Structure formats: C-alpha cells, structure tokens
Amino acid sequence: EPEVTQTPSHQVTQMGQEVILRCVPISNHLYFYWYRQILGQKVEFLVSFYNNEISEKSEIFDDQFSVERPDGSNFTLKIRSTKLEDSAMYFCASRTGETQYFGPGTRLLVL
Amino acid sequence: QKEVEQDPGPLSVPEGAIVSLNCTYSNSAFQYFMWYRQYSRKGPELLMYTYSSGNKEDGRFTAQVDKSSKYISLFIRDSQPSDSATYLCATGYPGFQKLVFGTGTRLLVSP
C-alpha cells in the first residue's frame with residue numbers, strides 16, 4: 001500500500017540554524033500539507049500546497065517558513081532560522097479526494 | 001471557544017469493552033469529520049471518514065455525527081489491547097484544505 005515517507009526521522013539543530021524537512025507524498029496525489037505537533041499538544045495545520053503554490057497557511061507559518069516541490073516527487077519544508085519553540089514533530093500529508101494521509105513525522109529538536 | 005474539543009483522557013477499559021470517544025466542534029461550516037489513530041511517536045493513521053449526519057460502520061468501528069448538536073463520536077466494539085493509542089478527531093471545511101484536530105483521547109485497553 002502506498003504511503004507518505006519523511007526524512008529524516010529525527011533532526012537535532014542549534015537555534016538559528018536552517019533545517020529542511022523532506023517528504024515524499026503518495027504518487028498521483030495533488031494536494032500536500034505540513035502539520036506540526038508540539039509534545040503533548042494537538043496536531044496543528046501549517047500550510048497546504050497545490051499546483052506549485054501555497055493555497056492556505058496558518059498564522060504559525062511566518063516568513064521563516066517556506067515550502068517547495070523541487071521535483072516531481074519531493075515536498076520540503078524549510079525553517080530558515082530555527083527557534084527553541086520550533087521543537088516539535090512535523091508531519092507531511094497528501095490528499096486524494098477528501099482523505100489526507102500522514103507520514104510518520106520528523107522529530108525536530110532545537111537546542 | 002476552541003474549534004474542536006476532545007477529552008484528553010486517559011480512558012482505561014478492559015479488553016472486550018465497548019469504547020465511546022467523543023468530540024464537539026463549534027463551527028457549523030465544518031462538513032467533513034475524521035477519526036485518526038496515533039500510536040506513540042507515530043503519524044496519525046486514518047480510521048474513519050464521514051461527511052454526513054448519521055452512522056458509518058467499518059468492522060469494529062462506528063463513527064457517528066450529529067450536526068445539529070455539533071457532536072461526533074467513535075465507538076469501538078470488542079476492544080483489544082492493540083487498540084491502545086491516542087484517538088484524534090478532525091474536521092474540515094468544504095474545499096478541504098486544512099484539517100482542524102482535537103487534542104486527542106488516550107485509550108488504554110488492558111488484557
């Protein structure tokens with residue numbers, strides 16, 4: 001069964017550093033999403049992406065965040081200058097019909 | 001008022017019990033309702049999806065939506081220890097961009 005994959009599974013970085021989180025959505029899905037989950041809190045929407053552009057973003061998704069689909073398979077989330085409060089689990093999802101399928105997540109720890 | 005409210009639990013039941021998990025939502029614009037299961041440190045896994053009031057059944061799982069009272073439920077029959085996980089309710093708008101999640105209810109099924 002096809003699934004969303006994410007790399008790396010864990011990432012530790014220093015505050016102020018740039019990180020890129022990678023996702024491979026399910027092939028033939030056209031809508032892509034990033035969510036995050038701070039430890040012990042709920043899953044929160046960050047951004048949705050369709051037809052090579054952002055279709056919706058949350059107030060969390062400020063100028064330090066960007067997304068890109070650099071080729072036909074990868075979907076990336078870049079955090080330009082990480083802050084301590086960016087420490088969270090980041091989930092990628094892709095959609096067909098009304099159903100979003102989530103990847104296993106990248107655990108980001110900012111020190 | 002939170003958009004989606006869910007009792008965080010934990011909810012502890014013996015194996016074989018019927019489990020009832022519930023959420024309320026505040027915005028009548030929500031038209032799509034999902035239940036996801038999340039094991040510790042893993043991504044959300046879709047269990048059930050519905051967009052209309054009434055019941056939807058899939059094996060041991062039944063999702064119920066009451067749009068008049070903005071109340072959604074998930075029933076698990078003959079619960080198993082492998083059902084021990086956090087159950088997330090989620091809602092979506094027409095046009096279906098972001099999902100809005102509840103905090104999740106942690107379920108523990110003891111043998």
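The values are calculated or read from the model by the stated rules, or taken from the named source; none is laboratory data. Remember, it's a predicted structure, so these values are computed and weren't measured experimentally. For neighbour counting, all protein chains shown are included, and Cβ atoms are generated from backbone atoms with ideal geometry for every residue, glycine included.
Entry remark, the range B:94-111: residues being among the hydroxyl-bearing types (Ser, Thr, Tyr), buried (at least 17 other Cβ atoms within 10 Å of the Cβ) and either touching a Cys at 6+ places or on another chain (Cβ under 8 Å) or more than 7 Å from every other protein chain (Cβ to nearest Cβ) (or both) number 1 in total.
Only strands (runs of 3 or more DSSP E) whose full extent lies in the range B:39-111 are considered here, and the ones with at least 1 residues that are among the acidic types (Asp, Glu) and free of Cβ contacts under 8 Å to residues at least 40 places away in the same chain are B:45-50, B:54-58, B:61-66.
Restricting attention to the range A:59-94, the residues that are small (Gly, Ala, Ser) and closer than 24 Å to A:Gly16 by Cβ total 4.
Yes/no matrix, rows are residues, columns are (1) buried (at least 16 other Cβ atoms within 10 Å of the Cβ); (2) on the phi < 0 side of the Ramachandran plot; (3) modelled with pLDDT of 95 or more:
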position	(1), (2), (3)
B:Gly9	no, no, no
B:Leu21	yes, yes, yes
B:Met34	yes, yes, no
B:Glu57	no, yes, no
B:Asp66	no, yes, no
B:Leu74	yes, yes, yes
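Comparison of B:Ser69, B:Ser28, B:Ser82 shows that the only residue that is more than 9 Å from chain A (Cβ to nearest Cβ), within 24 Å of A:Glu1 (Cα to Cα), among the polar types (S, T, N, Q) and more than 12 Å from the chain's Cα centre (by Cα) is B:Ser82. Among strands (runs of 3 or more DSSP E) entirely within chain A, having at least 2 residues that are under 17 Å from B:Gly92 (Cα atoms) singles out A:31-37, A:43-50, A:53-57, A:88-96, A:99-102.
Every residue, every condition in (1) charged (D, E, K, R); (2) within 13 Å of another protein chain (Cβ to nearest Cβ); (3) surrounded by fewer than 18 Cβ atoms within 10 Å (Cβ to Cβ), yes or no:
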{"position": "A:Tyr33", "(1), (2), (3)": "no, yes, no"}
{"position": "A:Ser58", "(1), (2), (3)": "no, yes, yes"}
{"position": "A:Ser66", "(1), (2), (3)": "no, no, yes"}
{"position": "A:Phe75", "(1), (2), (3)": "no, no, no"}
{"position": "A:Lys78", "(1), (2), (3)": "yes, no, yes"}
{"position": "A:Ala88", "(1), (2), (3)": "no, yes, no"}
{"position": "A:Arg95", "(1), (2), (3)": "yes, yes, no"}
{"position": "A:Glu98", "(1), (2), (3)": "yes, yes, yes"}
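The set of residues from the range A:35-44 being crowded, with 21+ Cβ neighbours inside 10 Å and at the interface with chain B (Cβ under 9 Å from one of its Cβ atoms) comprises A:Tyr35, A:Gln37, A:Val43. Taken over the range B:23-32, the criterion of being modelled with pLDDT of 90 or more and buried (at least 16 other Cβ atoms within 10 Å of the Cβ) is satisfied by B:Cys23, B:Thr24, B:Tyr25. All told, A:Tyr101 falls short of being modelled with pLDDT of 95 or more and among the aromatic types (Phe, Trp, Tyr).
Residue count for the range A:9-24 under the criterion of being loosely packed, with under 13 Cβ neighbours inside 10 Å and either within 14 Å of another protein chain (Cβ to nearest Cβ) or modelled with pLDDT under 95 (or both): the result is 2. Listed by first and then second residue, the pairs linking a residue in the range A:1-19 that is at positive phi to a residue that is surrounded by 12 or more Cβ atoms within 10 Å (Cβ to Cβ), with Cβ atoms under 6 Å apart and 6 or more places separating them unless they lie on different chains, are A:Gly16/A:Ser81.
Restricting attention to the range A:53-107, the residues being in contact (Cβ under 8 Å) with a residue 60 or more places away in the chain and out of contact with any Leu (no Cβ under 7 Å at 6 or more places or on another chain) number 18.
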